[in-house]
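K.L.:
There's a structure below that I have some questions on.
Please treat every number below as a calculation from the coordinates, not as lab data. Just so it is clear, the structure is predicted and the values come from calculations on it, not from any experiment. Glycine gets a Cβ as well: all are built from the backbone with ideal geometry, and neighbour counts include every protein chain shown.
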Amino acid sequence: MKHPATQALYAYWDSIRGDRLAPERSEIDPTAIRHLLADTFMLEVDTHGRHPFRLAGTRVCALFGRELKDESFAALWLSAEGTDGREGDALVRTVCDEAQGAVAGVLGASAGAHAIEIEMLLLPLRHGGKTHARVLGCLSPAVVPTWFGVQPIDRLELRSFRVIRGRVQAPALGQAAPALPAPSVVAQRRGHLRVFDGGRPA
C-alpha cells in the first residue's frame, strides 16, 4: 500500500474488525473517515456479478465523469475480450471468498487516450449476518493529472493484485508504507486471477 488514503482506510477497517475476519457494515462511521470519503466507495455483492455501487465519493465519481450509484462495478473493467465484467466480478468474489482485504494496481483509460495510474483497495464487510454482502473500497490516483474531472475515464485495466493475508501494520498518514513481501511462488488461481500471499512485513 503506497497511497496515504489507502493506508488510512485499511488502518481504520483493521481497527474496527478486531479479531474478526471482517467488520459489520453498520460499524463504518463516515465521520471517522470523513477525510477519505471523496476517494471511497461501497459495493453491494450480488449473485449476478454486477456488484452495484451503493455509495461513491466525489472524486471517484469525478474520475468517471458521472454519478456511479447503482451502476455496475464489474462493467467498468476491461477484459482481453472487451468490457464484459468478468475481471471486476472476480476481484469482488476473491475478496469475499478469502475474507481478506486486497490491494491492486489499476490503469484508468479514457477514449481521449489519457491514462491514470490508480491504487485500489477492496475490503470485505458483513451485512445482515451475511459474509458476501458489502465491499468497502478506495480508488486513489498516484498523481492527479491536469485533465482530472474534465476528461473522464471509461474503463479500468488490472495491472497487479495482491490479497493482504494476516495482519499488516498500516502506517499513519505522512509515514512511508512498508513494502509487502514479493511473492516467491506462483499464486493459487481464483477464476482467471492469480492470488499472491501478502502478510506481515519483515
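K.L.:
Sort 51, 132 so the one with the fewest other Cβ atoms within 10 Å of its own Cβ comes first. Before the final figure, lay out the partial values.
P.N.:
Numbers: 51 23, 132 17.
In increasing order of surrounding Cβ atoms, one gets 132, 51.
K.L.:
Please sort 94-104, 23-33 by packing, taking for each peptide the average over its residues of neighbouring beta carbons within 10 angstrom, highest first. Write down the numbers at each step before the final one.
P.N.:
Details: 94-104: 20.6, 23-33: 14.0.
My ranking of the peptides, most packed first, is 94-104, 23-33.
K.L.:
Further, regarding this structure: Loop-only trypsin sites (Lys or Arg not before Pro) in the range 65-156, please: DSSP not H, G, I, E or B, and at most 16 other Cβ atoms within 10 Å. Present the calculation step by step, with values, prior to reporting the outcome.
P.N.:
On the way: sites: 66, 69, 86, 93, 126, 130, 134, 155; in loops: 66, 69.
Answer by residue number: 66, 69.
K.L.:
Another question, then. Would you mind pulling out the separation of the Cα centroids of the range 136-152 and the range 1-42, in Å?
P.N.:
Using only Cα atoms to place each centre, the spacing works out to 19 Å.
K.L.:
Would you work out if the range 48-135 is rounded, prolate or oblate? Take a ≥ b ≥ c from the square roots of the eigenvalues of the alpha-carbon gyration tensor; rounded if a/c is under 1.5, else prolate when a/b is larger than b/c, oblate otherwise. Intermediate values should be presented prior to the final figure.
P.N.:
Numbers: a/c = 1.76, a/b = 1.53, b/c = 1.16.
Since a/c reaches 1.5 and a/b is larger than b/c, the shape of the range 48-135 is classed as prolate.
K.L.:
In percent, what relative contact order does the range 4-161 have, based on Cα pairs under 8 Å that are 6 or more apart in sequence? List each step's numbers first, then the result.
P.N.:
On the way: 333 pairs, mean separation 40.5, N = 158.
The value is 26 percent.
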